[in-house]
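Note sheet for the following structure.
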Amino acid sequence: MSDLPVKRRVVLLGSTGSIGCSSLKVAEELPEQIEIIALAACGNVGKLAAQVRETGVRHVAIYDETKEAELRALVPEDVNIYPGPDGLLELATLADADVVLVAIVGTAGLYPALAAIEAGKDLAIASKEILVMAGEIVTAAAEKRGVKLLPVDSEHNAIFQCLDGHRGGENEVSRLILTASGGPFRTLPSDQIADVTLAQALRHPTWEMGPKITIDSATLFNKGLEMIEARWLFGIGMDRIDVVVHPQSIVHSMVEFIDGSILAQLSRTDMCFPIQYALTWPRRVKGGLKPLDFPTLARLEFEAPRTADFPALDLARRAGGTGGTLPAVFNAANEVAVDAFRAEKIPFPGIWKCVAAAMDAHVVKPSDTLDSVVTADLWARETAAAFVAGLA
């Protein structure tokens with residue numbers, strides 16, 4: 001611990017999204033421990049420019065190259081602007097950075113994540129797609145370079161905390177138990193699922209998130225992606241990763257050990273908790289976060305997920321258990337299906353059907369090269385798009 005700097009210099013990729021905004025809030029509350037040195041966003045120029053002025057960073061990337069001039073007009077002259085996908089790579093490899101936090105939705109974060117690892121930066125991961133698509137590649141690269149993979153998702157961060165300092169290794173772990181809120185349709189009768197509307201799917205009962213991840217939570221694909229991500233983060237087989245529905249979202253996940261003991265991590269439903277721990281690890285520091293007040297908690301409920309009505313978890317277990325390029329297909333087909341549902345081209349259950357169809361049609365190949373992963377990703381998008389067109 002003494003070898004790590006007290007203040008960690010952070011590159012934040014995806015600064016205008018919900019995770020990015022929460023990360024900036026954490027950094028603002030902990031100026032002695034966290035310094036944001038670079039920001040990147042897709043295309044929200046106004047918000048990005050405001051963040052640049054508030055933080056005083058001198059390095060900023062805009063993924064949408066057509067908005068570079070607009071951004072230039074809104075930020076100080078001495079700010080370096082890096083446009084396009086290459087801009088993300090520039091920021092991910094900044095010499096002054098200690099940690100690169102990737103909070104980019106979708107697959108755009110994969111290349112900068114690998115670049116950050118190659119440059120010897122610790123990687124804080126808020127984008128599930130990085131490990132779902134290329135878990136074998138990313139974990140091997142991190143081990144080779146000796147860098148730490150720091151989970152930002154509340155569920156994986158909870159497991160990370162439960163395992164932190166545990167000396168027994170994976171042989172003493174019986175199960176990883178991911179908790180799920182159950183989404184907005186946890187109690188919806190089975191015969192009404194086919195009639196779910198976009199507006200209903202975007203109303204999450206617990207978390208405020210972007211539209212893609214909110215719909216993923218409604219279908220439970222979000223939890224399926226987390227299962228595969230956990231497999232790579234913690235080196236645990238899919239047969240030892242379970243999901244339990246916990247509507248209050250107070251217990252963020254648990255680890256069951258072979259002696260029957262279970263360690264759980266609990267906190268308020270605020271993404272600032274896992275972000276802070278990821279960026280200050282291995283230390284714990286006092287910030288502006290409020291602890292739980294147990295007497296005010298009415299109850300903590302747990303129930304089994306409805307896999308027959310929400311088959312995403314079974315599809316994820318199949319994808320993660322099979323391995324190779326199938327998880328990349330699972331992820332890409334879901335992205336296409338969610339976009340189609342948001343465009344009202346397919347009904348709510350069409351999301352599961354689209355992913356299942358792509359997985360059924362895929363010939364699984366090894367995922368030990370980036371080319372094989374990217375090829376599978378593109379194939380899945382084309383296959384899923386054709387499925388959507390057939391339903392339209």
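The values are calculated or read from the model by the stated rules, or taken from the named source; none is laboratory data. If you're wondering where the values come from, they're calculated on a predicted model, not measured in any experiment. All Cβ positions, even for glycine, are placed from backbone atoms using ideal geometry, and neighbour counts span all protein chains on display. For accessibility, only protein heavy atoms count, side chains too; no ligands or nucleic acids. Shrake-Rupley method; radii C 1.70, N 1.55, O 1.52, S 1.80 Å.
Assess whether residue 293 counts as being more than 23 Å from residue 13 (Cβ to Cβ), open to solvent by 80 Å² or more (accessible area, probe 1.4 Å) and not basic (Lys, Arg).
Numbers: more than 23 Å from residue 13 (Cβ to Cβ): yes; open to solvent by 80 Å² or more (accessible area, probe 1.4 Å): no; not basic (Lys, Arg): yes.
When the stated conditions are applied, residue 293 does not pass them.
Just a yes or no: is a residue in the stretch 358-369 closer than 23 Å to residue 213 by Cα, surrounded by 13 or more Cβ atoms within 10 Å (Cβ to Cβ), in contact with a Leu (Cβ under 7 Å, 6 or more places away or on another chain) and modelled with pLDDT of 95 or more?
So the first thing to find is which residues in the stretch 358-369 are closer than 23 Å to residue 213 by Cα, and the list is 358-359.
Now narrow it down to the ones that are surrounded by 13 or more Cβ atoms within 10 Å (Cβ to Cβ): 358-359.
With the extra rule that they be in contact with a Leu (Cβ under 7 Å, 6 or more places away or on another chain), the set shrinks to 359.
Imposing the further condition that a residue be modelled with pLDDT of 95 or more reduces the set to 359.
Yes, there is a match, as at least one residue in the stretch 358-369 is closer than 23 Å to residue 213 by Cα, surrounded by 13 or more Cβ atoms within 10 Å (Cβ to Cβ), in contact with a Leu (Cβ under 7 Å, 6 or more places away or on another chain) and modelled with pLDDT of 95 or more.
Within the set of pairs 6+ apart or on separate chains, which have a first residue in the stretch 15-36 that is without any contact (Cβ under 8 Å) to a residue 40 or more places away in the chain and open to solvent by 20 Å² or more (accessible area, probe 1.4 Å), a second that is among the basic types (Lys, Arg) and part of a helix (DSSP H, G or I), and C-beta atoms under 6 Å apart?
Pairs found: 16/47.
Could you tell me which numbered condition residue 173 fails, if it satisfies all but one of (1) among the β-branched types (Val, Ile, Thr); (2) closer than 28 Å to residue 344 by Cα; (3) more than 20 Å from the chain's Cα centre (by Cα)?
With respect to (1) among the β-branched types (Val, Ile, Thr); (2) closer than 28 Å to residue 344 by Cα; (3) more than 20 Å from the chain's Cα centre (by Cα), residue 173 is out only on (2).
Against the condition modelled with pLDDT under 95, open to solvent by 20 Å² or more (accessible area, probe 1.4 Å), among the charged types (D, E, K, R) and not in a helix (DSSP H, G or I), how does residue 256 come out, does it pass?
Working: modelled with pLDDT under 95: no; open to solvent by 20 Å² or more (accessible area, probe 1.4 Å): yes; among the charged types (D, E, K, R): yes; not in a helix (DSSP H, G or I): yes.
Here the answer is no, as residue 256 does not meet what is asked.
Contact list please: Cβ distance under 7 Å, first residue in the stretch 151-163 and touching a residue at least 12 places away in the same chain (Cβ under 8 Å), second residue of a type in the set (S, T, N, Q) and surrounded by 24 or more Cβ atoms within 10 Å (Cβ to Cβ), pairs at least six apart or on different chains.
Pairs found: 151/157; 155/179; 155/253; 158/253; 159/253.
Of the residues 214, 280, only one is without any contact (Cβ under 8 Å) to a residue 24 or more places away in the chain and open to solvent by less than 30 Å² (accessible area, probe 1.4 Å); which?
Details: 280 fails: without any contact (Cβ under 8 Å) to a residue 24 or more places away in the chain.
That would be 214, the only listed residue that is without any contact (Cβ under 8 Å) to a residue 24 or more places away in the chain and open to solvent by less than 30 Å² (accessible area, probe 1.4 Å).
Which strands (runs of 3 or more DSSP E) sit wholly inside the stretch 77-131 and have at least 1 residues that are buried (at least 24 other Cβ atoms within 10 Å of the Cβ)? So that I can check it myself, show each step before the final result.
Values: elements: 80-83, 99-102, 122-125.
Once the strands (runs of 3 or more DSSP E) in the stretch 77-131 are filtered for at least 1 residues that are buried (at least 24 other Cβ atoms within 10 Å of the Cβ), what remains is 99-102, 122-125.
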